[in-house]
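The structure appears below as structure tokens.
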Amino acid sequence: MKLVELIPNFSDGRNRTVIDLLEKSVKSVPDAKLLDSEMDYDHNRSVLTVVCSLDHVIDLAFNLIKTAAENIDMNVQSGLHPRFGATDIMPLVPLEDTSMEECIELSQGLGMKVGKELGIPVFMYAYSAKTPERKNLENIRNKKFQIEELRSAIGTGNYIPDYGPEVVGSAGATIIGARDFLIAYNIYLNTDDIKIGRKIASAIRARDGGFACVKSLAFKMPEKNLVQISMNIVNYRKNPVYRIFEAVKTEAKGFGVYPVKSEFIGMVPQEALVDSFNHYLMSGLKNKNVLDYAPGKI
């Protein structure tokens, strides 16, 4: 059986009823298995991780986007995380014998179906992008350009949808595409100074000369009174998790702060975890104290 991983991001991390409906949509599709479900109150965002057979990918993804559109109103939604729509992004990741080309074809079929049948503007990204500038997600939706800006810009310049209408309704727009596996990783700092967080995020991200395979943003988390460094690690072999953690720790030390905890969002390859465990185990053995690694234990 050829398998595809779907990691849809929804613009609701506060209403358990809505997430229950989305999880129910997964269970209604043959061969679909829900691996993980994450809710974040501050970001007002949820992420599901689902594995499905190639034959049922479009049905599953369409049902999830439809359910989100019916239950998440972007006219009143707010949150820290950048967002375009009820289903903000719908990535398709090939697993095992499934090819990237197959996922690209599925994503285009899904985009066409969503645009036509649900009337939601669809922007294709990553390997499914129809123009080079849309390959990178941040060139479509970013912290400075979100649904509020899209409402007036849609249909002009770079904001002509690949599928669907040139108008933004209550479900907003959806970004769909086939991509490689990535790790979503957050580090929390013992400060509420967002300026420090932004400087650290800038120091480690590829766009500003940091790690080649890291995208990062800083967020002030009012419920936790902490600053979060939110990252996507697009190649964990080139940029191991432990190396990124140590870089953030070093940058933070220069501002007199330190990491208090870190977390993964969604699934993580076992290899990435083993690499980090081995690194800290060997570091501990060299220092003759395996457990003495604080503050900011990974």
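Between the C-alpha center of the stretch 1-56 and that of the stretch 140-189 there is a gap of 19 Å. Contact order, relative form, for the stretch 183-289: 34 percent (alpha carbon pairs under 8 Å, 6 or more residues apart, mean separation divided by residue count).
Each part gets one Cα centre, and for the stretch 67-88 versus the stretch 219-271 those centres are 26 Å apart. A DSSP coil position with no more than 13 other Cβ atoms inside 10 Å describes the following trypsin sites (Lys or Arg not before Pro) in the stretch 104-162: Lys130, Lys143, Lys144. Of the solvent-accessible surface of the chain, computed with a 1.4 Å probe over protein heavy atoms with every protein chain present, carbon and sulfur atoms account for 51 percent. Measuring nothing but how far apart in sequence close Cα pairs (under 8 Å, 6+ apart) lie, relative to its length, the stretch 23-108 scores a relative contact order of 24 percent.
Whole-Hz Karplus values for the stretch 227-234 come out as 9, 10, 9, 9, 10, 10, 9, 8 Hz, taken residue by residue from phi with 6.51 cos²θ - 1.76 cosθ + 1.60 and θ = phi - 60°; glycine and proline positions read x. Using 0.36 nm per residue and subtracting the Cα-Cα separation, the extra length available between Met100 and Lys195 on full extension is 30.3 nm. Once the Cα-Cα distance is subtracted from the 0.36 nm per residue extended length, the Tyr280 to Lys144 segment shows a gain of 45.2 nm.
Ranked highest first by average number of other Cβ atoms within 10 Å, how do 155-164, 66-75 line up? It would help to have the intermediate numbers written out before the result.
Values: 155-164: 15.6, 66-75: 19.7.
Per-residue Cβ counts within 10 Å, averaged per peptide and sorted highest first, yield 66-75, 155-164.
Taking all protein chains as shown and a probe of 1.4 angstrom, Leu34 keeps an accessible surface of around 50 Å². Principal-axis analysis of the Cα atoms of the chain puts helix 270-286 at an angle of about 10° to the longest axis. Based on DSSP H segments of at least four residues, each scored -39500 (n - 2.57), the chain has a per-residue ellipticity at 222 nm of -9500 deg cm²/dmol.
The values are calculated or read from the model by the stated rules, or taken from the named source; none is laboratory data. Bear in mind the structure is a predicted one, so any value in this text is a computation, not a measurement. With ideal geometry, Cβ positions are generated from the backbone for all residues, glycine too; neighbour counts draw on all protein chains shown. The protein model used for the area step is the full one, side chains on, heavy atoms only, and it has no ligands, DNA or RNA in it. Shrake-Rupley method; radii C 1.70, N 1.55, O 1.52, S 1.80 Å.
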